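S.K.: What follows is a single structure, and I will ask about it in a moment.
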Amino acid sequence: MYCRNCGKRLENNALVCDACGTFTSNYANTQIYPAKNYAPEDTGRTAGDNISIAAFIISLVSLIFGAILAFPIVGIILSGIGLKNTKKGSLGRPFAIAGLAISIEALAAWILAIFFVILLILLIASAV
Ligand SMILES: [Zn+2]
């Protein structure tokens, strides 16, 4: 499109001419339908949702590789961030809750497993 005042070539979605400052017809449209143009776009998925889904995946990984204690701890932290940044009923919320539960369970299970291994080693050592 071209500026109707000075004739400069502009981007098709330009609101204002960057040469002379005249508003384009796009700008006029934004004034007629301000709600359409300025309402925050509701994509249904926020950064909080993405963090929650990432937390859920890390939690699942922590069930398998929980011996590396960083996994469930990262899962718990990310789930907490996810819970804080998602609203009730949003896409990520159940992932964050599930992630938190799985991470805590993974952490507890692996701590218990390590505890029993140490106990077993002590029992064997004392029997010898
Ligand atoms: Zn112009």
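S.K.: Could you figure out which of (1) surrounded by 19 or more Cβ atoms within 10 Å (Cβ to Cβ); (2) within 12 Å of the chain's Cα centre (by Cα) isn't true of ILE58?
M.R.: It fails just one condition, (2).
Each row is one residue, and each column tells you yes or no for (1) farther than 13 Å from ALA54 by Cα; (2) surrounded by 13 or more Cβ atoms within 10 Å (Cβ to Cβ).
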position	(1), (2)
ALA70	yes, no
ILE73	yes, yes
ILE81	no, yes
GLY89	yes, no
LEU100	no, yes
GLU105	yes, yes
ILE118	yes, no
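S.K.: Picking from TYR2, TYR38, which residue would you name as being within 16 Å of the ligand (Cβ to nearest atom) and either over 30 Å from TRP110 (Cα atoms) or modelled with pLDDT under 85 (or both)?
M.R.: Unique residue meeting the criteria: TYR2.
The values are calculated or read from the model by the stated rules, or taken from the named source; none is laboratory data. Here the structure is a predicted model, which means the values were calculated and not measured. Please note: Cβ atoms are built from the backbone with ideal geometry, for glycine as well, and neighbour counts cover all protein chains shown.
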